[in-house]
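Peer 1: Submitted below is the structure of interest, expressed as structure tokens.
The values are calculated or read from the model by the stated rules, or taken from the named source; none is laboratory data. The structure displayed is predicted, hence computed values, not measured ones. Neighbour counts run over all protein chains shown; Cβ positions are idealised from the backbone, glycine included.
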Amino acid sequence: MKQESEWKPRLLGFLCKWCSYAGADLAGTSRRKYPANIRIIKVPCSGRVDPLFILKALRLGFDGVLVSGCHPGECHYQTGNYRARRRIALTKKFLEYMGVEPERIQASWVSASEGGKFAEVVTEVTRELKEAGPNQLFADERHGTEAT
Amino acid sequence: MAITDISHRKRFLAQGNVYLPHIVVIEKIIEETSGVRTFHINFKDDKLREEFTFESGQFGEYSVFGVGEAPFCISSSPTRRDHFEFAIQQVGKVTNALHRLGVGAEIGFRGPYGNGFPLDLLEGKNLVFVGGGIGLAPLRSLIWNVLDNRDKYQRIDIIYGARSPSDLCFRYDLDAWDKDKAVNMVITVDKGDESWSGRVGLVPHVLEQVAPAADNAVAIVCGPPIMIRFTFPVLVKLGFTPEQMLTTLEKRMKCGIGKCGRCNIGNLYVCRDGPVFTYAQINSFISSEY
Amino acid sequence: MDSKKVNKKDIGKLLSQWSKEFTVFVPSKENGVAMMAGWDGTDTSFLDWYRNTVIPPKEHFLPPMEEMFRFQKDKGSYQLEQPASDGQKQLIFAIRPCDANALAILDMTFKDAYEDPYYLSRRKNKLLVGLGCINPYDSCFCTSLGSSPSDVANVDLMLTDIGDEFLIEGITDAGKELIARTSGLEETTEADDARAKEVKEASYHKVTRRIDTGDIGSKLLSCFEDEDYWGKVAAKCISCGICTLLCPTCYCFDISDELVKQQGTRFRCWDSCAFPIYTKMPMENPREEKWRRVRQKVCHKYEFYPMNFGVIACTGCGRCIRLCPVNWDISQTLNSLPAKT
Amino acid sequence: MKDMEQKLRNEAKTLLEQGQVDYMVGFEPGSLKFTTTPLITRDKNDVERLVINPFMANNLANFLTELKGRIGIVAKGCDSRSIASLIQDNKVAREDVVILGIPCPGIIDLSKVEKLIGKDRDELEDIIREGDKVVITAGGKRSEFPVNEVLFDNCLGCELPTPQEYDILLGEPASPVIDRSASQASIEQLKGITPQQRWDFWKDEFSRCIRCYACRNVCPACFCQRCFVEETEPQWLMPVPRWQDNLMFQVIRNIHVAGRCTDCGECERVCPVNIPLRSLTKEMYDIVSELFHFKAGMDKDAAPLMTHYEQEEAEDCIR
């Protein structure tokens, strides 16, 4: 068993390319410090994120998933983030009912100018995931969990 | 002589678990057309490389480990045995994965399976090969096999077509056969382009124009289903009997050895009882599902 | 007759004794789902409820999923590793005659042309202890298939319920030898044998569902292209896999790979001709339409299998009727085939 | 009920005779005791076989998406909701269906009967519903039970026993036997245990799944031409019946039918390995209702759940 202190949760982020991805970029260029344990997948819109992606990430052993898009009213495609919100809300509540820690499914609105907020979100989510502990949901006797 | 029972022929069988693939290495890759590649492969194991035998028309199950397994015919001739070949079009999960591999990559192979062409029954005959697109792959194995024993056979006609000049597979073979005086080679395309000075026309039409004699002949047909469907009536018109026409069929397969269930046409399994069938057999199939 | 008997109260003792030599499987329920599962060493309550299992015993020969082999990826090379074969001898207790007969049918496919090592090795290390039915379901129709609730054709030992006791007959040499080395069995009396005969007779007549198998192959052949008929027959089918996956004689399987990091597995798992994707090729699908799939299921069992192996690939266990979500009933289909034209 | 049955046959016959519908979809007696089976026919002579009884469990709306032409369909309350939901999703045109509505007093769950009596269904002589009671005869012995002990869980929570969307209503509106706490019992039980225990519970349940897809195929809301489990590039999950893949399949299926599921309970009824699937679908139904005040198939003109949004909703799950 690894020590709690050295274990770093692995987080998969689906970031909208119009806002949150740019926000993450800004966080980087402005040297905002945030945990390096997030892997980022750029999506055209938070509305592109199928709950299937979230499940698959958990199945692969990621400790948490973050979906981040534009603030309400600011979606490049008008309504994509509103649709994302419905899906995420359902997915999160439903998985919680099934026994998945709610910390594992995270969502945020981060605009292109909110580098600071992005850093805060990742920091906060990482802290919560540390509390939740490693994702053993789909662990199988042979492989364990296998995020790469 | 009529070709009747061509199922259940002698098979090479490696020792041990029949489902366990043997490791083969890709030695060479030839870009046939965009989306079609030929792979030259050879067993990693020296003993297998020595012992392995197959017949033209037989197929193998090829594995990309971690992706899956799929059946393709062996496209090279058993008379040329420093390696063996298969040619595939990119259409699904396994073929896509194969197309991502390079020379030196290891894949799995098990086989050969299926009956293959009844070579003994073709001896002394005039042979008419009718192929379309990548359907030349199994014919190619037989054609080289026949040409390497040229004196055992009579007249040889090859009628091959593709949708466009750039869809012609095995150009190096087409050139060789074209030059070979002992072969009557006819190449056609459905639609030509600026560079194309050859024949234009659908394979069944061209076949009708070429009109090979049916007397003492066997026609071997392979291509897309639509081509096969239009070719048989032409052959009938030319006087071929159902016993004088051979084809190989394709079905979704998994096991390759008649167990997993899916490739049956009536009571016959394409993997186990085919893939080579006479038109007479196809006509008597219980099911129209071919 | 070469028979013994055992009191029902002593079944636990008998199973304990056999457990020393075999891994014993008995009818069990998991959340109400009856299946053959490893015996826990005490529970014999199945004697009260057991009629037949939902999951057929074929699962212990052709499991719903199994590893065919594993592979290790090391740089570009692969190392294949076969699963260790289970050497432990196993005994399936109280298998019904229909399910035992089904294994004999599966043998034909798995022995044909190329031997299937996974199935056949499991077949070799198992002893089948049959239990005749005294209370067949209303969906059972084994008697239409040349069998009966007391059919001993494919078991090693046969038990017959004669009231407070089971009469035990050794059928195969292996079965007879097991009886010979089993202690605590009582000798039977003439009255016991007579009672067993009565029970068998009575249970035969309790099977009321009938299908007419006379000439069935040629009847099916003659209506094979009757799209109208098959369309009607298939109309209510929802193309789920229940009737095939849970059929004791269905053996179709799928093969698939998984690679996680550098470790891979090739699996095979049950598959069903009811699924459209089963025969789907990249460009076409010969059985896209539902009626073709339903026809395939019926004809495979009653027409093609007899052509290839000389037997109907159905044992009349009735699971497909009992478990169907829409009450699609193969006996109705077979009894309503259009007359020859 | 006999009157209703006769009325149904007359109406169905007229519809077919006058060519108002191409198909009639209803129930006929099944081949096993106490069962019905879907009757799908173009033949007016077949309508004499139509029945109405407390065993007609199937949700016939499932057949609407595969039949071509105009369809006359027998619908209980829940079926009518599924039909309305399909209309919402543009899968069925309202003018292409003639709905013969049946006010439904609840359907008898044979597995509950079996548990109560301790015998299998084919060993029972009779099951008769008499108002709020059910009389079961087995081995010559009659026993009476309150009907809510033998109705399906979803019937006990039924919100629409009498179809709201219909062309012909075959009887007086039914007053349902509602027992919401019984209907929710298994869900409440799950909510009472820890998340880890819940996950372990589902892990255990899904380890029995054989991937027959009956739950999906029987579901009127599962109408995708190609299900995501059949995708090979990318392959989202393995076709092997391993609990991880089975569970993931069911989670995604539930998310896909959110806002379409009418709590008809068919998935749970047909599962051959008794996975309590309604404990998933009903919870999703409640989540949808709580978060978005949406109930599938209650209003055929309402926009589908996932194509619609409100400016202010579900913000508390977002940072």
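Peer 1: Have a look at C:312, C:277, C:255 and point out the one that is among the β-branched types (Val, Ile, Thr) and over 22 Å from the mean Cα position of the chain (by Cα).
Peer 2: Just one listed residue meets the conditions, C:277.
Peer 1: Another question about this same structure. Restricting to region D:210-228, give me the number of residues that are more than 8 Å from chain C (Cβ to nearest Cβ) and either assigned to a loop (DSSP other than H, G, I, E, B) or surrounded by fewer than 20 Cβ atoms within 10 Å (Cβ to Cβ) (or both).
Peer 2: The qualifying residues number 10.
Peer 1: What number of residues in region B:26-47 are within 17 Å of residue C:80 (Cβ to Cβ), surrounded by fewer than 18 Cβ atoms within 10 Å (Cβ to Cβ) and touching a strand residue (DSSP E or B) at 6+ places or on another chain (Cβ under 6 Å)?
Peer 2: The number of residues fulfilling the criteria is 1.
Peer 1: Here is a further query. Limited to region C:210-254, what total is found for residues that are within 13 Å of chain B (Cβ to nearest Cβ), within 17 Å of residue C:304 (Cβ to Cβ) and not charged (D, E, K, R)?
Peer 2: Of the residues in region C:210-254, 14 are within 13 Å of chain B (Cβ to nearest Cβ), within 17 Å of residue C:304 (Cβ to Cβ) and not charged (D, E, K, R).
Peer 1: Where in region C:1-87 are there strands (runs of 3 or more DSSP E), lying wholly inside it, with at least 2 residues that are surrounded by 14 or more Cβ atoms within 10 Å (Cβ to Cβ) and basic (Lys, Arg)?
Peer 2: C:3-7, C:65-74
Peer 1: Can you report the number of residues in region D:1-52 which are without any contact (Cβ under 8 Å) to a residue 12 or more places away in the chain and touching a helix residue (DSSP H, G or I) at 6+ places or on another chain (Cβ under 8 Å)?
Peer 2: Count: 1.
Peer 1: When residues of region B:261-279 are filtered for being within 7 Å of another protein chain (Cβ to nearest Cβ) and touching a Cys at 6+ places or on another chain (Cβ under 6 Å), how many remain?
Peer 2: 1
Peer 1: Just a yes or no: is a residue in region D:175-198 free of Cβ contacts under 8 Å to residues at least 40 places away in the same chain, touching a helix residue (DSSP H, G or I) at 6+ places or on another chain (Cβ under 6 Å) and over 20 Å from residue D:155 (Cα atoms)?
Peer 2: Checked against the condition, which is being free of Cβ contacts under 8 Å to residues at least 40 places away in the same chain, touching a helix residue (DSSP H, G or I) at 6+ places or on another chain (Cβ under 6 Å) and over 20 Å from residue D:155 (Cα atoms), region D:175-198 yields at least one hit.
Peer 1: Among the residues of region B:50-83 satisfying the criterion of being among the small types (Gly, Ala, Ser) and assigned to a strand (DSSP E or B), which is nearest to residue B:247 (Cα to Cα)?
Peer 2: Looking at the filtered set, the residue picked out is B:60.
Peer 1: Now a separate question. Identify, by number, the condition in (1) more than 13 Å from every other protein chain (Cβ to nearest Cβ); (2) touching a residue at least 60 places away in the same chain (Cβ under 8 Å); (3) closer than 30 Å to residue C:324 by Cβ that residue C:100 doesn't meet.
Peer 2: (2)
Okay, residues lined up against (1) of a type in the set (D, E, K, R); (2) modelled with pLDDT under 95:
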| residue | (1), (2) |
| --- | --- |
| B:55 | yes, yes |
| B:65 | no, no |
| B:73 | no, no |
| B:101 | no, no |
| B:113 | no, yes |
| B:128 | no, no |
| B:134 | no, yes |
| B:142 | no, no |
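Peer 1: While we're here: Quick one: which of C:268, C:295 is under 26 Å from the mean Cα position of the chain (by Cα) and in a helix (DSSP H, G or I)?
Peer 2: None of the others qualify; the one that does is C:295.
Peer 1: Right, something else. Collect the residues in region C:121-159 that are within 26 Å of residue C:4 (Cα to Cα), within 14 Å of another protein chain (Cβ to nearest Cβ) and surrounded by 24 or more Cβ atoms within 10 Å (Cβ to Cβ), keeping them in residue-number order.
Peer 2: Residues satisfying the conditions are C:133, C:136.
Peer 1: Would you pick out the residues in region C:280-302 that are at pLDDT below 95, of a type outside the set (Lys, Arg) and over 25 Å from residue D:59 (Cα atoms)?
Peer 2: C:281, C:282, C:283, C:284, C:285, C:286
Peer 1: Somewhere in region D:134-149, is a residue out of contact with any Gly (no Cβ under 6 Å at 6 or more places or on another chain), in a loop (DSSP other than H, G, I, E, B) and within 14 Å of chain A (Cβ to nearest Cβ)?
Peer 2: No, region D:134-149 has no match at all.
Peer 1: Output the residues belonging to region B:208-227 that are in a helix (DSSP H, G or I) and within 19 Å of the chain's Cα centre (by Cα).
Peer 2: Answer for region B:208-227, where residues must be in a helix (DSSP H, G or I) and within 19 Å of the chain's Cα centre (by Cα): B:225, B:226, B:227.
Peer 1: Quick one: what pairs do we get from region D:61-78, first residue within 14 Å of chain C (Cβ to nearest Cβ) and part of a loop (DSSP other than H, G, I, E, B), second surrounded by 16 or more Cβ atoms within 10 Å (Cβ to Cβ) and among the charged types (D, E, K, R), C-beta under 8 Å, 6+ apart or different chains?
Peer 2: D:64/D:91; D:65/D:91; D:66/C:290
Peer 1: Out of the residues in region D:281-305 that are touching a Lys or Arg at 6+ places or on another chain (Cβ under 9 Å), crowded, with 19+ Cβ neighbours inside 10 Å and in contact (Cβ under 8 Å) with a residue 40 or more places away in the chain, which is farthest from the other protein chains (Cβ to nearest Cβ)?
Peer 2: That would be D:297.
Peer 1: Is there a residue being β-branched (Val, Ile, Thr) and free of Cβ contacts under 8 Å to residues at least 24 places away in the same chain anywhere in region B:182-199?
Peer 2: No.
Peer 1: Exactly one of these conditions fails for residue D:137: (1) surrounded by 18 or more Cβ atoms within 10 Å (Cβ to Cβ); (2) at pLDDT 95 or above; (3) not aliphatic (A, V, I, L, M). Give me its number.
Peer 2: (1)
Peer 1: In region A:95-116, how many are assigned to a helix (DSSP H, G or I) and either touching a strand residue (DSSP E or B) at 6+ places or on another chain (Cβ under 6 Å) or facing chain D (nearest Cβ under 8 Å) (or both)?
Peer 2: Number satisfying all stated conditions: 5.
Peer 1: Scanning for something assigned to a helix (DSSP H, G or I) and in contact with a Leu (Cβ under 9 Å, 6 or more places away or on another chain), does region C:234-255 turn up at least one residue?
Peer 2: yes
Peer 1: Return the residue satisfying two criteria in turn: it lies in region C:272-282 and is of a type outside the set (Phe, Trp, Tyr) and facing another protein chain (nearest Cβ under 7 Å), and of such residues it is farthest from residue C:244 (Cα to Cα).
Peer 2: C:282
Peer 1: Considering only residues that are of a type in the set (S, T, N, Q) and surrounded by 20 or more Cβ atoms within 10 Å (Cβ to Cβ), which ones fall in region C:88-114?
Peer 2: Passing the criteria: C:101, C:109.
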